[in-house]
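Participant: Handing you a structure now.
The values are calculated or read from the model by the stated rules, or taken from the named source; none is laboratory data. Given the structure is predicted, the values throughout are model-derived calculations rather than measurements. Here the Cβ is made from the backbone with ideal geometry for all residues, glycine too, and neighbour counts use every protein chain on show. Protein only, heavy atoms only, side chains kept; ligands, DNA and RNA dropped before computing areas. Shrake-Rupley method; radii C 1.70, N 1.55, O 1.52, S 1.80 Å.
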Amino acid sequence: MQTQLSINGESHELEADSRTTLLDALRNHLGLTGSKKGCDHGQCGACTVLINGRRINSCLTLACMHDGDDITTIEGIGSPGALSPLQDAFVRHDGYQCGYCTPGQICSATAMLQEVQAGWPSHVSTSLEDDVSLSNEEIGERMAGNLCRCAAYPNIVAAIREVAGAGEDA
Amino acid sequence: MTRTMTMDRPDERRRLDDMSQGLVGRPLDRPDGPLKVSGTATYAHEWNVPNAAYGVLVRAPFSNGRLRRIDSAATEALDGVVGVFTGEKFLRNPAQGGADEAPVQGTETVQYLGQPVALVVADTFEQARHGAQNLAMEWTAENGVFDPEAQAADAEEQEDETVDQGDLDGAMRAAAFTVDEVYRTPCHNSAAMEPHCSIAEWDGEDLLLRGSYQMLNYNVNELADSLGIDAARVRMLSPYVGGGFGSKLGIAPEAVAAALAAKQLQRPVVVALSRQQVFDMTMRRSETRQHIRLACDADGILTGLGHEGLVSNLPEEEFAEPITQSTHFLYGGANRKLGIDLVRLNRTCAGSVRAPGEAVGMPALENAMDELAEKLGMDPVELRKRNLPDKHPEEDIPFSSRKYTEAMDEGARRFGWSERNMKPGQLREGDWLIGHGMAGASRVNILSKAEARVTMGSDDDGVFATVETDMTDIGTGTYAILSQIAGEMLGLPMERVRTQLGDSEFPKGPGSGGSWGASSSGSAVYLACEEMRAEICQRLSCEEADLTLKDGDAIAGNRKTSLAELIGGGGQISAVGRIEPGKTMKESAQSSYGAYFCEVAVDRVTGETRVRRMTGVFGAGRILNEKTATSQCYGGMSWGIGMALTEELVHDLRDGHIVNRDLAEYHIPVNLDVPQLDVVLLDERDDWACPLQSKGIGELGLCGAAASVINAIYNATGVRVRDYPATLDKLLDGLPD
Ligand code: FES
Ligand code: FES
């Protein structure tokens, strides 16, 4: 079937099986292989992309459900010569090792910081109403859906802290 | 030009220390970083291969028996399906690391539930998956064996591993204090984030396989042998690997299946394992049962040490998890009994998972040492220090550099070990019981044969160098460190060195495994550069000792010549370096060492454990890149946290199927499970190890880490967990009120 996908500001006509997930549409049909497949079951976060600004596991949603949606993938966040502040911080802090979970981590963190700005509480927040202070625990909880088997977690947290201007953890 | 060095004697020249560029050791960013963070590094599935068909593997739905028939007619009739493949060349088991030949093959015999038995290929992934889900089979099942301890009576003794020295039983009877306990660890899976994947493409009789593999040098031969073709006809590409941890050491079923299908269809075929298939058909770490006996005198000096284990594997497999590997030399004790028994089970193939041996062997030993220290009323650091042997306690050879004491002292100081509460269950913060524990780290050091080519040329921006080897970077930092070594030796800044990896047509290295990659391939690069320096000396008519290379210039005496000029436009200097292991491996006991200190909080009501802080101090010879080496240690320590608290691959004892074959049920640590770890790398040179004086570090961070968590849980609660992992149910009954 035909779907019109708007990805990183560009419009794409997708002609694909209705069973095609958004992740497989990106990777197998559109050549956007920056989004990774770690589990295909919503269990690892490697496939995280932004849809209308919110993070989503692209393996858990069908491409045909996103006709007209505004999709941002890692390719839209920055490129080797023009990295986003988060991408740059991941490089300097060694916030990865094999790099396979990394696009998902960065997409996820990009949206996560906006969620914090918007004042969304998390499971570990001490208050549902006050501003969120970005402790290591808050970052850890909010990034817990992005698995990293290389376990670059300490460096991922450090990279996110730096970009959020959060200083040292209290 | 080729320069070969066989490591027959310690290399005390420490030439890297004389160089001037200042790259080796520094915490430099990875050159591959910008590609990885922008999603433009090419992993196995991500090559643009036109007209590729998609293949999905089908697993055996029974544990033992014979596959009589695959009824492919209905599947072949489905929309888009272009073929169904099976047969005697399919891999039954994945190849063991370094096998260098085909593993066990053939789909007719089935020995474990989840074994790959067929491949369905279609125009699209969705069509292939649908076909695979609906493939009809007929089989005759037989009874299987699934429970290792029930089979213990039939176990095969691994004679190479056996040590029976003195009289351990007598030492136990005569001892002032003893520990005599059994520890158990469950199966683990590497669970690299990138599932195995291969794209096979034929050009006539020549096969190009783009895959996710750790050791191309061996993988090419394993693949060719599996297909029954000449290895010269196979080329493999693996420039980026999304984690390996042992699971991608040997050729795996998807590669062979893709190659067979692509040949017949005359069309490229891509086969990726699903996450569930990764659990079903790639290596598991064997479960272990470990009987540890320690005997000591009143001063805590060991008089006896026993470490005997039971592990499992499939019939026809030789690999037996080498749990006693570091126990052979770490501590003294004249009366010793070490051994490993192997039972045959119908469970997924057992093989190398990160740090085979020490990953599970060290925690058991280090738990037992903690128990002994408790009985003695002695600081566990002190107990360990008192039992460091002067030479290998089973062989008459010296230790090479050993920073074990320094690691414990530095860790204790940083962690504030002396301030800890020593009486279990006495430290509380609200509902949290707080505890502290420590453990030692040891991982044997191995050097492997390796070759690399380095070429210097010049372009408009001046002189540059290229490093080429079939070595891989599985997240370990190979791109960074090989560039650093070449830049250091040739006097070039980092951005003027380009390292190219993961192409089987490049000079051969041992691949990424056993923590030997950096030292082995790094030594090969170093030797190639030494040869190139000799050439430069000749052109400048100077002695090596008088030559300084820095920032693209050669300085000899009071003369400065630009290397670009020396090479000349269009010219180049190139050399191959080759390192071979030699007598130093047998004439010294070589290992990397370290120590962990851990603080946990255990919920008094629920038994939930959180690791609150953890320090790891490591001595692994010369550190080649402080940043990537630290990351490796973070990774290892996090694996230790997972092993201590959550990781357990569960087999159903009725039919052997893996119950938790996905990432929702097999619990690897997530971000919130790992605190900001504190890692220190000690300054060390090990002249016996290699000309870089470096040792392995990729696995060291894991080799004992879990014990520090478990020992801390004991200190927090008074509950000794000897059956990994320390899930809530194992703590609840024993928690203090
Ligand atoms: S691939 Fe989507 S969550 Fe794992
Ligand atoms: S960097 Fe390898 S899984 Fe995260």
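Participant: With at pLDDT 95 or above, under 23 Å from the mean Cα position of the chain (by Cα) and assigned by TED's automatic domain parsing to the domain that holds B:Arg685 as the only criterion, which of B:Ala412, B:Ala359, B:Ala407 stands out?
Facilitator: Selected residue: B:Ala407, the only one of B:Ala412, B:Ala359, B:Ala407 that is at pLDDT 95 or above, under 23 Å from the mean Cα position of the chain (by Cα) and assigned by TED's automatic domain parsing to the domain that holds B:Arg685.
Participant: Does A:Ala89 satisfy the criteria of being within 19 Å of A:Arg161 (Cα to Cα) and within 16 Å of ligand 2 (Cβ to nearest atom)?
Facilitator: When the stated conditions are applied, A:Ala89 passes them.
Participant: Now for a separate question. Identify all residues within the range B:555-609 that are open to solvent by 10 Å² or more (accessible area, probe 1.4 Å) and of a type in the set (Val, Ile, Thr); write none if there are none.
Facilitator: B:Ile555, B:Thr561, B:Ile567, B:Val576, B:Val605, B:Thr606, B:Thr609
Participant: Could you tell me which residue of the range B:193-222 is nearest to ligand 1 (Cβ to nearest atom), considering only residues that are open to solvent by less than 10 Å² (accessible area, probe 1.4 Å), touching a helix residue (DSSP H, G or I) at 6+ places or on another chain (Cβ under 8 Å) and within 14 Å of chain A (Cβ to nearest Cβ)?
Facilitator: B:Glu194
Participant: A further question follows. In the range B:230-253, which residue that is open to solvent by less than 30 Å² (accessible area, probe 1.4 Å), more than 14 Å from chain A (Cβ to nearest Cβ) and part of a loop (DSSP other than H, G, I, E, B) is nearest to B:Leu91 (Cα to Cα)?
Facilitator: B:Ala252
Participant: While we're looking at this one, here's another question. Would you confirm whether or not the range B:626-642 contains a residue that is under 21 Å from B:Ser520 (Cβ atoms), open to solvent by less than 20 Å² (accessible area, probe 1.4 Å), part of a helix (DSSP H, G or I) and of a type in the set (A, V, I, L, M, F, W, C)?
Facilitator: yes
Participant: Which condition breaks for B:Ser442 when tested against (1) more than 21 Å from B:Glu699 (Cβ to Cβ); (2) of a type in the set (Ser, Thr, Tyr); (3) not in a helix (DSSP H, G or I)?
Facilitator: All conditions pass for B:Ser442, except number (1).
Participant: Within the range A:135-146, can one find any residue that is more than 14 Å from the chain's Cα centre (by Cα), open to solvent by less than 20 Å² (accessible area, probe 1.4 Å) and not assigned by TED's automatic domain parsing to the domain that holds A:Ile51?
Facilitator: yes
Participant: Still on this structure, please answer the following. Taking the criterion of being more than 14 Å from chain A (Cβ to nearest Cβ), surrounded by fewer than 20 Cβ atoms within 10 Å (Cβ to Cβ) and under 30 Å from B:Leu265 (Cβ atoms), would at least one residue in the range B:138-157 satisfy it?
Facilitator: Checking the range B:138-157: at least one residue is more than 14 Å from chain A (Cβ to nearest Cβ), surrounded by fewer than 20 Cβ atoms within 10 Å (Cβ to Cβ) and under 30 Å from B:Leu265 (Cβ atoms).
Participant: If I filter the range A:126-150 down to residues being without any contact (Cβ under 8 Å) to a residue 24 or more places away in the chain and assigned to a loop (DSSP other than H, G, I, E, B), which single residue comes out as farthest from the other protein chains (Cβ to nearest Cβ)?
Facilitator: By that ranking, first place goes to A:Glu129.
Participant: Inspect the range B:671-680 for any residue being outside any loop (DSSP other than H, G, I, E, B), over 22 Å from A:Glu137 (Cα atoms) and not polar (S, T, N, Q) and give the result as yes or no.
Facilitator: The answer is yes, given that some residue of the range B:671-680 is outside any loop (DSSP other than H, G, I, E, B), over 22 Å from A:Glu137 (Cα atoms) and not polar (S, T, N, Q).
Participant: So which strands (runs of 3 or more DSSP E) are wholly in the range B:478-571 and hold at least 1 residues that are within 23 Å of B:Cys690 (Cα to Cα) and either in contact with a Phe, Trp or Tyr (Cβ under 9 Å, 6 or more places away or on another chain) or not charged (D, E, K, R) (or both)?
Facilitator: Of the strands (runs of 3 or more DSSP E) lying wholly inside the range B:478-571, those with at least 1 residues that are within 23 Å of B:Cys690 (Cα to Cα) and either in contact with a Phe, Trp or Tyr (Cβ under 9 Å, 6 or more places away or on another chain) or not charged (D, E, K, R) (or both) span B:497-500, B:547-550.
Participant: From the list A:Ala111, A:Ala46, which residue is within 17 Å of the chain's Cα centre (by Cα) and within 16 Å of ligand 2 (Cβ to nearest atom)?
Facilitator: None of the others qualify; the one that does is A:Ala46.
Participant: Only one of (1) touching a strand residue (DSSP E or B) at 6+ places or on another chain (Cβ under 8 Å); (2) open to solvent by less than 10 Å² (accessible area, probe 1.4 Å) fails for B:Asn715. Which number is that?
Facilitator: (2)
Participant: Check the range A:93-102 and report whether any residue there is in contact (Cβ under 8 Å) with a residue 60 or more places away in the chain, more than 7 Å from chain B (Cβ to nearest Cβ), open to solvent by 10 Å² or more (accessible area, probe 1.4 Å) and closer than 25 Å to B:Phe245 by Cα.
Facilitator: For the range A:93-102, residues in contact (Cβ under 8 Å) with a residue 60 or more places away in the chain, more than 7 Å from chain B (Cβ to nearest Cβ), open to solvent by 10 Å² or more (accessible area, probe 1.4 Å) and closer than 25 Å to B:Phe245 by Cα: present.
Participant: Let me ask something additional. Restricting to the range A:60-88, give me the number of residues that are touching a Leu at 6+ places or on another chain (Cβ under 9 Å), within 9 Å of chain B (Cβ to nearest Cβ) and crowded, with 19+ Cβ neighbours inside 10 Å.
Facilitator: Residues flagged as touching a Leu at 6+ places or on another chain (Cβ under 9 Å), within 9 Å of chain B (Cβ to nearest Cβ) and crowded, with 19+ Cβ neighbours inside 10 Å within the range A:60-88 amount to 6.
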